[in-house]
C-alpha cells in the first residue's frame, strides 16, 4: 500500500467518524465532545521552555526559576481553558441554501449566536481560505464565501471553526456540518436574441387575444397604427373606428421554455439562453412553464416558481 493510498484510507475513515459524531443539521451547537484542542507551534515551544526552566530550577535548587516555571504552567492552563470556552456553546444556524450563477462567487448566510467569542476563523474543511470574526457578542449574521463552482447542485462541505485566542498557545477547532446545498444556476446570456424572443412571445400573446373583447378595444386616436384598426367594425361605425390596444391584454397565455436534448457546449448555451428568458419573463410578470428532457414544470409565476425552474436548469 502506497503512502497516498494509506492517507486516503485514513481520510475516509476520519470522515465516517465525523459523520457519526457530528451529523449534518440546520442548527449546530458546539458542545464538549466536538471541540478539539492541541498546543500550537508557539505553544509547543512555550511548553519546552517551561520544562527547561523546571529542570534548571530543580537542578540548581533555585526557587525563583521554579516559580517562573509554575507561572508558565498556570498561563498554559488558563490559555487552554480560555481557548476551549471561546468555542463552547457557539450556535450556528443556516436557514436557506446558497444560490448563485455560474462564474459568480457564492455566499452562504450563517447566523452565529454566543454570549461572547473573539478571533473566530471560519472556513470550509480542506480550503485554505478562512474569514475572521474579531468579536461576536449575542447574535450576528455572517456571509461565508464559497468557491466558484460549475453548474450543478453540491452539498455544503463541513465547516472549519478554529481559534488561537487568547494567547496563541493552543488551537481549538471543530468541524460542524450544516444541512445546506450550493445551487449553481447557468450563467444568464444577456443577448438581444434571448431578450427578443421574450418580446416576440409577449406580442404573440397580445395578438392572439379575442378582437371582440371590449377590454381590448378603444376608440381610434391620432397616432395609432393603421394596422391595429378593426376594419370589420368600420361599416357599423364609420365615424368612429376602433383599434385593438396591446398594453392591457385580458389573457396571459403561458409561455413554455423547452430545453432540447443536447450535450456539451450546445447544451450550456441553450441553458444560458433559457435562464435569461426565465428571468425576463418573471420580471414582466408573465406566466411560464419549463420542459426539460427529464422533467416538466407546469406554468406559473412568482419567485418560488422561478427558483424551481432555475434549479431544474442547474440539474440538466
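Derivation of every value follows stated rules applied to the coordinates shown; laboratory data play no part. Fair warning: this is a prediction, and the values are worked out from it, not measured in the lab. Virtual Cβ from ideal backbone geometry, glycine too; neighbours counted across all protein chains shown.
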message: Multiplying the sequence separation of residue 70 and residue 3 by 0.36 nm and subtracting their Cα-Cα distance, what value in nm do you get?
response: 19.9 nm
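Would you mind getting me the FRET efficiency between residue 179 and residue 253? Use the beta-carbon distance for r and R0 = 30 Å, nearest 0.05.
According to the calculation, E is roughly 0.15.
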Separation in nanometres of the label points that stand 7 Å from Cα toward Cβ, at residue 58 and residue 311: 6.4 nm
Nitroxide proxy distance, nm - points 7 Å out along Cα→Cβ at residue 81 and residue 17: 2.8 nm
- prompt: Quick one: if you stick a label point 7 Å off each Cα along the C-beta vector at residue 295 and residue 261, how many nm between them?
  reply: 2.0 nm
